[in-house]
1. Output the relative contact order of segment 143-197, whole-number percent, from Cα pairs under 8 angstrom with separation of 6+ residues.
2. Work through the residues other than Asp155 whose Cβ is under 11 Å from its Cβ and net out their charges, Lys, Arg +1 and Asp, Glu -1.
3. About its Cα centre, how strong a charge dipole does segment 80-235 have in debye, to the nearest 20, once Lys and Arg get +1 and Asp and Glu get -1 at the Cβ?
4. Can you give the helix-only mean residue ellipticity at 222 nm for the chain, where every DSSP H stretch with n ≥ 4 adds -39500 (n - 2.57) and the sum goes over all residues, rounded to the nearest 500 deg cm²/dmol?
5. Relative contact order for segment 143-289 using alpha-carbon pairs under 8 Å, separation at least 6, rounded to a whole percent?
6. What is the spin-label model distance, in nm, from Asp201 to Leu224 if the labels are put 7 Å beyond Cα along the C-beta direction?
7. Cut-off 10 angstrom, C-alpha nodes, Gaussian network model of the chain. Which of Pro200, Pro219, Pro279 fluctuates the most?
8. How fast does the chain diffuse by Stokes-Einstein, in µm²/s, taking the Kirkwood radius from C-alpha pairs at 25 °C and 0.890 mPa s?
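A short reminder: the numbers here are calculations on the coordinates, not readings from a lab. It should be emphasised that the depicted structure is a prediction, and the values quoted were computed from it without experimental measurement. Every residue, glycine among them, receives a Cβ derived from its backbone with ideal geometry; neighbour counts consider all protein chains shown.
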Amino acid sequence: MNTSPPDDAHAGYRPTDQRSSIDANRHWWDEDAQDYYAAHGAFLGDVDLVWGPEGTRERDAQLLGSIDSLVGRDVLEIGCGAGQGARWVAAQGARVVAGDLSAGMLRQARRIEERLHQDAASYSVAPESPQHERTPVTYVQADACALPFVDQSFDMAFSAYGAVPFVADSAQLMAEVYRVLRPGGRWVFSVTHPIRWAFPDAPGPAGLTVHRSYFDETPYVESLGDTITYAEHHRTLAHRINEVISAGLILTSITEPTWPADNQQIWGGWSPLRGALLPGTLIVSACRP
């Protein structure tokens, strides 16, 4: 069986716009949803909020606030994927809306929901707050830069490697988050650490040598002929933070998780070797005044 890429397949760094990014990434995640879950579902869990490949979990980090503070809150997950994080937050007593651009990812989320409901015992995965009855997650297909919600709908919003790096206009995404948050609302998101863009996406020694400028924000694009099939957008740390501030949000903390000794997995360019030397994930916490 010939598994080599088509002759007109191309991957590299070149400009692309918002519309092309949206169309490409919607199709990409529609096609990849089941394979992505098969590869990473065990690590992510079905009812857990994991902020990145290091394995930082919300039950330990409490970046959204104390676990008890989630009870009764209206929470939005942006770029929810298969909904693992949304289900964990809902298990703590919050009312959760989970949005994703990809219908394929939302179908995967609902498959997991159906399976968990068939095994009710496995869905009571909330040992931190067993007294709280879980409210079902509401899933919505949505563009993160044009959220279909009225102003000040949510007490908090979060995204764990979700929509933020997959849109060309991430400043608009930040403005949308500001719009839908209530005063005092919290916004927490994780992305690939900006410094990682200066290194090859390789987990071994080859991934430890700088191969391009950190300051070059040209997106990584895959295409088939003239059709873009995948796009991911880099922002320097300063650019990313300034987008948050320009949206009117107040920066409250920056987290750079360290790689734990017991995590031996390799996930793309993430690995114990690189994790010991370079930050792999950036977690930004902010709030609407």
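1. Working: 66 pairs, mean separation 27.5, N = 55.
About 50 percent, as a whole number.
2. Numbers: positive: Arg73, Arg95, Arg182, Arg186, Arg288; negative: Asp74.
Surrounding charge for Asp155 is +4.
3. Numbers: 13 positive and 17 negative charges, 80 e Å.
Value, rounded to 20: 380 debye.
4. Details: 7 runs with 80 residues, N = 289.
Roughly -8500 deg cm²/dmol at 222 nm, from the helical runs in the chain.
5. Working: 265 pairs, mean separation 42.8, N = 147.
Relative CO of segment 143-289 lands at 29 percent.
6. 1.7 nm
7. Pro200
8. Values: Rh = 19.5 Å.
Approximately 126 µm²/s, per Stokes-Einstein.
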